[in-house]
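The values are calculated or read from the model by the stated rules, or taken from the named source; none is laboratory data. Since the model is a prediction, treat every value here as computed from it, not as a measurement. Backbone-built Cβ (ideal geometry, glycine too); neighbour counts: all protein chains shown.
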(Lines give C-alpha, C1' and ligand atoms only; values in the text may rest on other atoms or scores of the structure.)
Protein backbone atom coordinates (compact mmCIF):
# COMPACT_ATOMS: atom_id res chain seq x y z
CA UNK A 1 0.00 0.00 0.00
CA UNK A 2 1.41 3.39 -0.98
CA UNK A 3 1.71 6.02 1.79
CA UNK A 4 -1.26 8.11 0.59
CA UNK A 5 -3.55 5.26 -0.45
CA UNK A 6 -7.10 6.27 0.45
CA UNK A 7 -6.43 10.02 0.25
CA UNK A 8 -8.53 11.91 -2.28
CA UNK A 9 -7.36 15.21 -3.74
CA UNK A 10 -9.71 17.65 -5.47
CA UNK A 11 -7.48 19.67 -7.78
CA UNK A 12 -8.95 22.91 -9.12
CA UNK A 13 -5.58 24.16 -10.32
CA UNK A 14 -4.24 24.54 -13.82
CA UNK A 15 -0.88 24.98 -15.61
CA UNK A 16 1.97 24.02 -13.29
CA UNK A 17 2.38 24.82 -9.58
CA UNK A 18 -0.81 23.15 -8.38
CA UNK A 19 -0.78 20.27 -10.89
CA UNK A 20 2.87 19.61 -9.99
CA UNK A 21 1.86 19.28 -6.33
CA UNK A 22 -1.06 16.96 -7.08
CA UNK A 23 1.19 14.96 -9.44
CA UNK A 24 3.62 14.38 -6.56
CA UNK A 25 0.82 13.42 -4.18
CA UNK A 26 -0.53 11.00 -6.76
CA UNK A 27 2.91 9.40 -7.07
CA UNK A 28 2.70 8.83 -3.31
CA UNK A 29 -0.60 7.00 -3.73
CA UNK A 30 -3.33 9.65 -3.58
CA UNK A 31 -6.30 9.73 -5.94
CA UNK A 32 -6.43 13.03 -7.84
CA UNK A 33 -9.66 14.36 -9.36
CA UNK A 34 -9.07 17.34 -11.63
CA UNK A 35 -12.01 19.74 -11.57
CA UNK A 36 -11.68 21.58 -14.89
CA UNK A 37 -13.43 24.40 -16.70
CA UNK A 38 -16.11 23.14 -19.08
CA UNK A 39 -15.15 23.49 -22.72
CA UNK A 40 -11.46 24.33 -22.35
CA UNK A 41 -10.16 22.59 -19.25
CA UNK A 42 -6.61 23.08 -17.99
CA UNK A 43 -4.73 25.71 -20.03
CA UNK A 44 -1.93 23.24 -20.69
CA UNK A 45 -4.22 21.12 -22.87
CA UNK A 46 -3.43 23.79 -25.49
CA UNK A 47 0.35 23.90 -24.89
CA UNK A 48 2.63 22.48 -27.61
CA UNK A 49 4.21 20.17 -28.55
CA UNK A 50 1.30 18.00 -29.68
CA UNK A 51 1.21 14.34 -30.65
CA UNK A 52 -1.92 13.42 -32.59
CA UNK A 53 -3.56 16.56 -31.26
CA UNK A 54 -2.73 15.87 -27.60
CA UNK A 55 -0.41 18.06 -25.54
CA UNK A 56 2.73 16.32 -24.32
CA UNK A 57 3.00 18.97 -21.58
CA UNK A 58 -0.47 18.17 -20.23
CA UNK A 59 -0.06 14.43 -20.62
CA UNK A 60 3.17 14.13 -18.65
CA UNK A 61 1.99 16.32 -15.75
CA UNK A 62 -1.52 14.89 -15.46
CA UNK A 63 -1.07 11.22 -16.28
CA UNK A 64 -3.27 8.97 -14.18
CA UNK A 65 -5.50 11.72 -12.82
CA UNK A 66 -9.26 11.81 -13.34
CA UNK A 67 -11.17 14.71 -14.91
CA UNK A 68 -14.59 16.16 -14.37
CA UNK A 69 -15.69 19.49 -15.85
CA UNK A 70 -17.70 21.68 -13.50
CA UNK A 71 -18.91 25.28 -13.63
CA UNK A 72 -18.84 26.40 -10.00
CA UNK A 73 -21.36 29.15 -10.79
CA UNK A 74 -23.94 26.67 -12.10
CA UNK A 75 -26.31 25.21 -9.52
CA UNK A 76 -26.22 21.61 -10.81
CA UNK A 77 -22.42 21.56 -10.98
CA UNK A 78 -22.13 23.14 -7.53
CA UNK A 79 -24.25 20.32 -6.16
CA UNK A 80 -21.80 17.78 -7.61
CA UNK A 81 -18.84 19.75 -6.29
CA UNK A 82 -20.39 19.92 -2.81
CA UNK A 83 -20.74 16.13 -2.82
CA UNK A 84 -17.12 15.79 -3.94
CA UNK A 85 -16.00 17.99 -1.07
CA UNK A 86 -17.62 15.64 1.45
CA UNK A 87 -15.51 12.78 0.07
CA UNK A 88 -12.26 14.71 -0.32
CA UNK A 89 -9.31 14.98 2.04
CA UNK A 90 -7.58 17.90 0.31
CA UNK A 91 -8.77 20.73 -1.92
CA UNK A 92 -6.08 22.49 -3.99
CA UNK A 93 -6.80 25.77 -5.78
CA UNK A 94 -4.86 28.51 -7.54
CA UNK A 95 -7.47 31.20 -8.08
CA UNK A 96 -6.65 34.78 -7.21
CA UNK A 97 -7.20 35.54 -3.53
CA UNK A 98 -10.88 36.10 -2.76
CA UNK A 99 -12.31 34.12 -5.67
CA UNK A 100 -13.06 30.98 -3.67
CA UNK A 101 -14.76 33.04 -0.96
CA UNK A 102 -16.94 34.78 -3.55
CA UNK A 103 -17.93 31.37 -4.89
CA UNK A 104 -18.94 30.32 -1.39
CA UNK A 105 -15.95 28.04 -0.89
CA UNK A 106 -13.70 30.18 1.27
CA UNK A 107 -11.78 28.66 4.15
CA UNK A 108 -14.14 29.97 6.84
CA UNK A 109 -17.16 28.42 5.10
CA UNK A 110 -15.48 25.12 4.27
CA UNK A 111 -13.83 24.58 7.66
CA UNK A 112 -17.16 25.15 9.40
CA UNK A 113 -18.93 22.64 7.14
CA UNK A 114 -16.09 20.15 6.74
CA UNK A 115 -13.67 20.43 9.68
CA UNK A 116 -11.40 17.61 8.46
CA UNK A 117 -10.91 19.10 4.99
CA UNK A 118 -7.47 20.49 4.15
CA UNK A 119 -7.48 23.49 1.80
CA UNK A 120 -4.29 24.39 -0.03
CA UNK A 121 -3.92 27.58 -2.07
CA UNK A 122 -1.01 28.46 -4.33
CA UNK A 123 -0.80 31.91 -5.89
CA UNK A 124 1.70 34.40 -7.20
CA UNK A 125 1.95 36.63 -4.14
CA UNK A 126 -0.02 34.85 -1.43
CA UNK A 127 -3.32 35.55 0.26
CA UNK A 128 -2.10 38.61 2.18
CA UNK A 129 0.02 41.69 1.55
CA UNK A 130 -0.41 44.71 -0.73
CA UNK A 131 0.10 42.73 -3.94
CA UNK A 132 -1.99 39.69 -3.09
CA UNK A 133 -4.43 40.36 -5.91
CA UNK A 134 -1.88 40.78 -8.68
CA UNK A 135 -1.46 38.12 -11.38
CA UNK A 136 1.83 36.28 -11.75
CA UNK A 137 3.58 33.76 -13.90
CA UNK A 138 6.83 31.87 -13.40
CA UNK A 139 8.99 34.53 -15.02
CA UNK A 140 7.37 37.30 -12.97
CA UNK A 141 8.35 35.73 -9.65
CA UNK A 142 11.80 34.70 -10.90
CA UNK A 143 12.36 38.38 -11.69
CA UNK A 144 10.84 39.89 -8.58
CA UNK A 145 12.23 37.22 -6.26
CA UNK A 146 15.83 37.92 -7.29
CA UNK A 147 16.56 34.67 -9.12
CA UNK A 148 17.02 36.37 -12.50
CA UNK A 149 19.53 38.80 -10.99
CA UNK A 150 21.93 35.93 -10.29
CA UNK A 151 21.23 33.85 -13.41
CA UNK A 152 23.25 34.22 -16.62
CA UNK A 153 26.76 35.29 -17.45
CA UNK A 154 28.57 38.08 -15.60
CA UNK A 155 27.66 41.41 -17.15
CA UNK A 156 25.04 39.83 -19.41
CA UNK A 157 21.30 40.32 -19.64
CA UNK A 158 19.05 38.88 -16.90
CA UNK A 159 18.17 35.28 -17.73
CA UNK A 160 15.23 33.13 -16.68
CA UNK A 161 16.15 29.73 -15.25
CA UNK A 162 15.33 27.22 -17.99
CA UNK A 163 13.10 25.06 -15.79
CA UNK A 164 9.99 26.79 -14.45
CA UNK A 165 11.25 26.97 -10.88
CA UNK A 166 8.82 29.76 -9.98
CA UNK A 167 5.99 27.26 -10.34
CA UNK A 168 7.80 24.05 -9.48
CA UNK A 169 9.34 25.20 -6.20
CA UNK A 170 5.97 26.59 -5.09
CA UNK A 171 4.44 23.22 -5.97
CA UNK A 172 7.07 21.48 -3.85
CA UNK A 173 6.36 23.68 -0.84
CA UNK A 174 2.63 23.19 -1.37
CA UNK A 175 3.17 19.43 -1.28
CA UNK A 176 5.17 19.71 1.94
CA UNK A 177 2.41 21.78 3.53
CA UNK A 178 -0.26 19.28 2.52
CA UNK A 179 1.71 16.34 3.90
CA UNK A 180 2.26 18.19 7.18
CA UNK A 181 -1.46 19.03 7.39
CA UNK A 182 -2.42 15.40 6.76
CA UNK A 183 -0.11 14.31 9.56
CA UNK A 184 -1.47 17.00 11.89
CA UNK A 185 -5.04 15.92 11.10
CA UNK A 186 -4.24 12.41 12.28
CA UNK A 187 -3.47 13.84 15.72
CA UNK A 188 -6.07 16.60 15.99
CA UNK A 189 -8.92 15.52 13.71
CA UNK A 190 -8.95 18.92 12.02
CA UNK A 191 -7.83 20.16 8.64
CA UNK A 192 -5.82 23.31 7.97
CA UNK A 193 -5.50 26.11 5.44
CA UNK A 194 -2.23 26.28 3.51
CA UNK A 195 -1.15 29.49 1.73
CA UNK A 196 1.91 29.18 -0.54
CA UNK A 197 3.11 32.12 -2.65
CA UNK A 198 5.36 31.61 -5.66
CA UNK A 199 7.27 34.79 -4.71
CA UNK A 200 7.86 33.54 -1.15
CA UNK A 201 9.20 30.26 -2.50
CA UNK A 202 11.73 32.03 -4.73
CA UNK A 203 13.24 33.79 -1.72
CA UNK A 204 13.27 30.58 0.33
CA UNK A 205 15.55 28.74 -2.12
CA UNK A 206 18.26 31.41 -2.33
CA UNK A 207 20.54 30.38 0.48
CA UNK A 208 23.73 32.11 -0.63
CA UNK A 209 22.11 35.28 -2.02
CA UNK A 210 20.39 36.07 1.27
CA UNK A 211 23.51 35.26 3.28
CA UNK A 212 25.80 37.36 1.07
CA UNK A 213 23.46 40.35 0.95
CA UNK A 214 22.67 40.39 4.67
CA UNK A 215 26.33 39.92 5.67
CA UNK A 216 27.96 42.33 3.23
CA UNK A 217 25.21 44.74 2.24
CA UNK A 218 26.01 44.02 -1.41
CA UNK A 219 23.71 41.76 -3.43
CA UNK A 220 25.44 39.13 -5.58
CA UNK A 221 25.34 39.40 -9.36
CA UNK A 222 25.19 36.73 -12.03
CA UNK A 223 28.28 34.53 -12.15
CA UNK A 224 27.37 32.16 -14.97
CA UNK A 225 27.96 28.54 -14.03
CA UNK A 226 30.39 29.50 -11.26
CA UNK A 227 29.30 29.12 -7.65
CA UNK A 228 29.70 32.48 -5.86
CA UNK A 229 31.16 31.06 -2.63
CA UNK A 230 32.94 27.83 -3.66
CA UNK A 231 35.90 27.68 -6.08
CA UNK A 232 36.54 25.82 -8.33
CA UNK A 233 32.89 24.95 -8.81
CA UNK A 234 32.01 25.65 -12.44
CA UNK A 235 32.17 24.48 -16.04
CA UNK A 236 35.54 24.36 -17.76
CA UNK A 237 36.38 24.06 -21.44
CA UNK A 238 37.82 20.76 -22.65
CA UNK A 239 39.02 19.98 -26.15
CA UNK A 240 35.55 18.98 -27.37
CA UNK A 241 33.08 20.57 -24.96
CA UNK A 242 32.57 21.44 -21.31
CA UNK A 243 33.25 19.51 -18.12
CA UNK A 244 31.92 20.38 -14.68
CA UNK A 245 34.52 20.41 -11.92
CA UNK A 246 33.26 20.77 -8.36
CA UNK A 247 36.11 20.74 -5.83
CA UNK A 248 34.19 21.71 -2.72
CA UNK A 249 36.99 21.80 -0.15
CA UNK A 250 40.77 22.10 0.22
CA UNK A 251 41.58 18.34 0.10
CA UNK A 252 39.54 18.03 -3.10
CA UNK A 253 41.38 20.99 -4.60
CA UNK A 254 44.71 19.34 -3.77
CA UNK A 255 43.60 16.16 -5.57
CA UNK A 256 42.42 18.23 -8.52
CA UNK A 257 45.85 19.83 -8.78
CA UNK A 258 47.41 16.38 -8.86
CA UNK A 259 45.08 15.24 -11.66
CA UNK A 260 45.79 18.36 -13.69
CA UNK A 261 49.51 18.46 -12.95
CA UNK A 262 49.24 21.94 -11.45
CA UNK A 263 51.65 22.74 -8.62
CA UNK A 264 49.47 25.43 -7.06
CA UNK A 265 47.74 23.65 -4.15
CA UNK A 266 49.88 25.49 -1.58
CA UNK A 267 50.07 28.77 -3.48
CA UNK A 268 48.69 31.48 -1.13
CA UNK A 269 46.39 32.68 -3.91
CA UNK A 270 44.67 29.28 -4.03
CA UNK A 271 45.46 27.49 -0.77
CA UNK A 272 42.06 28.20 0.82
CA UNK A 273 38.57 28.40 -0.60
CA UNK A 274 38.30 32.08 0.29
CA UNK A 275 41.55 32.81 -1.58
CA UNK A 276 40.38 30.79 -4.56
CA UNK A 277 37.13 32.75 -4.66
CA UNK A 278 39.12 36.01 -4.68
CA UNK A 279 41.26 34.72 -7.56
CA UNK A 280 38.67 32.68 -9.44
CA UNK A 281 39.35 34.25 -12.85
CA UNK A 282 43.08 33.49 -12.72
CA UNK A 283 42.41 29.97 -11.44
CA UNK A 284 39.97 29.31 -14.27
CA UNK A 285 42.59 30.31 -16.83
CA UNK A 286 45.18 28.03 -15.24
CA UNK A 287 42.79 25.08 -15.18
CA UNK A 288 41.53 25.58 -18.72
CA UNK A 289 45.09 25.83 -20.04
CA UNK A 290 45.27 22.15 -19.07
CA UNK A 291 41.72 20.90 -19.70
CA UNK A 292 41.66 22.24 -23.26
CA UNK A 293 44.33 19.69 -24.14
CA UNK A 294 42.08 16.64 -23.68
CA UNK A 295 38.48 15.56 -24.34
CA UNK A 296 35.57 15.73 -21.94
CA UNK A 297 35.59 11.92 -21.70
CA UNK A 298 39.27 11.95 -20.71
CA UNK A 299 38.67 14.40 -17.89
CA UNK A 300 35.54 12.63 -16.65
CA UNK A 301 37.54 9.41 -16.31
CA UNK A 302 40.52 11.12 -14.66
CA UNK A 303 38.47 13.17 -12.22
CA UNK A 304 36.20 10.29 -11.23
CA UNK A 305 39.25 8.08 -10.66
CA UNK A 306 40.45 10.70 -8.16
CA UNK A 307 37.07 10.76 -6.41
CA UNK A 308 36.21 14.26 -7.59
CA UNK A 309 32.62 15.29 -8.41
CA UNK A 310 32.31 15.89 -12.14
CA UNK A 311 29.91 15.62 -15.06
CA UNK A 312 29.50 16.41 -18.71
CA UNK A 313 26.81 18.96 -19.61
CA UNK A 314 24.07 16.77 -21.10
CA UNK A 315 21.08 17.76 -23.19
CA UNK A 316 17.74 16.10 -22.45
CA UNK A 317 18.12 13.49 -25.17
CA UNK A 318 21.33 12.36 -23.44
CA UNK A 319 19.68 12.51 -20.01
CA UNK A 320 16.88 10.19 -21.13
CA UNK A 321 19.52 7.63 -22.17
CA UNK A 322 21.72 8.05 -19.08
CA UNK A 323 22.31 4.61 -17.48
CA UNK A 324 22.04 6.00 -13.95
CA UNK A 325 18.73 7.73 -14.75
CA UNK A 326 17.39 4.52 -16.29
CA UNK A 327 18.60 2.38 -13.39
CA UNK A 328 16.64 4.60 -11.02
CA UNK A 329 13.40 4.24 -13.05
CA UNK A 330 13.39 7.97 -13.72
CA UNK A 331 12.00 7.57 -17.24
CA UNK A 332 8.43 6.32 -17.35
CA UNK A 333 5.98 5.66 -20.13
CA UNK A 334 2.59 7.36 -20.14
CA UNK A 335 0.20 4.83 -21.63
CA UNK A 336 -1.91 5.72 -24.61
CA UNK A 337 -5.67 5.98 -24.42
CA UNK A 338 -7.44 3.80 -26.95
CA UNK A 339 -6.20 4.94 -30.33
CA UNK A 340 -4.16 7.78 -28.84
CA UNK A 341 -0.44 8.51 -28.51
CA UNK A 342 1.87 7.50 -25.69
CA UNK A 343 4.32 9.87 -24.02
CA UNK A 344 7.52 9.82 -21.98
CA UNK A 345 7.49 11.39 -18.52
CA UNK A 346 9.86 11.66 -15.55
CA UNK A 347 9.63 8.92 -12.97
CA UNK A 348 9.10 9.45 -9.25
CA UNK A 349 12.24 10.78 -7.51
CA UNK A 350 10.90 9.82 -4.08
CA UNK A 351 12.14 6.29 -3.46
CA UNK A 352 10.55 4.53 -0.47
CA UNK A 353 10.64 0.94 0.73
CA UNK A 354 6.83 1.03 0.99
CA UNK A 355 6.22 2.67 -2.38
CA UNK A 356 6.18 0.65 -5.62
CA UNK A 357 8.43 2.00 -8.36
CA UNK A 358 6.66 3.82 -11.17
CA UNK A 359 7.78 2.51 -14.54
CA UNK A 360 4.54 3.21 -16.41
CA UNK A 361 1.72 5.69 -15.91
CA UNK A 362 -1.95 5.57 -16.82
CA UNK A 363 -3.07 7.97 -19.57
CA UNK A 364 -3.83 11.60 -18.86
CA UNK A 365 -7.59 12.14 -18.73
CA UNK A 366 -9.67 13.54 -21.53
CA UNK A 367 -11.62 16.63 -20.49
CA UNK A 368 -14.59 15.49 -18.38
CA UNK A 369 -13.68 11.94 -19.34
CA UNK A 370 -14.24 10.51 -15.86
CA UNK A 371 -17.59 12.14 -15.11
CA UNK A 372 -19.57 8.91 -15.18
CA UNK A 373 -17.10 7.04 -12.98
CA UNK A 374 -16.91 9.91 -10.47
CA UNK A 375 -20.68 10.29 -10.26
CA UNK A 376 -21.02 6.54 -9.76
CA UNK A 377 -18.45 6.73 -6.94
CA UNK A 378 -20.44 9.55 -5.31
CA UNK A 379 -23.66 7.58 -5.65
CA UNK A 380 -22.13 4.70 -3.73
CA UNK A 381 -21.22 6.89 -0.73
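Observations
- Residue within the stretch 181-193 that is on the phi < 0 side of the Ramachandran plot, part of a strand (DSSP E or B), under 25 Å from the mean Cα position of the chain (by Cα) and buried (at least 19 other Cβ atoms within 10 Å of the Cβ) present: no
- Of the residues making up the stretch 278-311, those that are in a loop (DSSP other than H, G, I, E, B) and either in contact (Cβ under 8 Å) with a residue 60 or more places away in the chain or assigned by TED's automatic domain parsing to the domain that holds residue 333 (or both) are 308, 309.
- Single residue of 69, 21 found to be modelled with pLDDT of 95 or more and farther than 23 Å from residue 375 by Cα: 21
- Any hit, the stretch 188-206, residues being free of Cβ contacts under 8 Å to residues at least 60 places away in the same chain and over 30 Å from residue 110 (Cα atoms): yes
- Selected residue (only one of 101, 112, 170 is in a helix (DSSP H, G or I) and more than 26 Å from residue 4 (Cα to Cα)): 101
- Out of 318, 314, sole residue that is outside any helix (DSSP H, G or I) and either over 23 Å from residue 266 (Cβ atoms) or free of Cβ contacts under 8 Å to residues at least 60 places away in the same chain (or both): 314
- Within the stretch 258-269, if we keep just the residues that are closer than 19 Å to residue 303 by Cα and in contact (Cβ under 8 Å) with a residue 12 or more places away in the chain, the residue that is surrounded by the fewest Cβ atoms within 10 Å (Cβ to Cβ) turns out to be 261.
- Any hit, the stretch 343-356, residues being buried (at least 17 other Cβ atoms within 10 Å of the Cβ), farther than 18 Å from residue 21 by Cα and over 19 Å from the mean Cα position of the chain (by Cα): yes
- Total residues in the stretch 98-122 satisfying the condition of being in contact with a helix residue (DSSP H, G or I) (Cβ under 6 Å, 6 or more places away or on another chain) and farther than 11 Å from residue 191 by Cβ: the figure is 2.
Listed here are the residues, each with its yes/no results for (1) in contact with a strand residue (DSSP E or B) (Cβ under 9 Å, 6 or more places away or on another chain); (2) assigned to a helix (DSSP H, G or I).
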{"position": "44", "(1), (2)": "yes, yes"}
{"position": "58", "(1), (2)": "no, yes"}
{"position": "64", "(1), (2)": "yes, no"}
{"position": "67", "(1), (2)": "yes, no"}
{"position": "73", "(1), (2)": "no, no"}
{"position": "77", "(1), (2)": "yes, yes"}
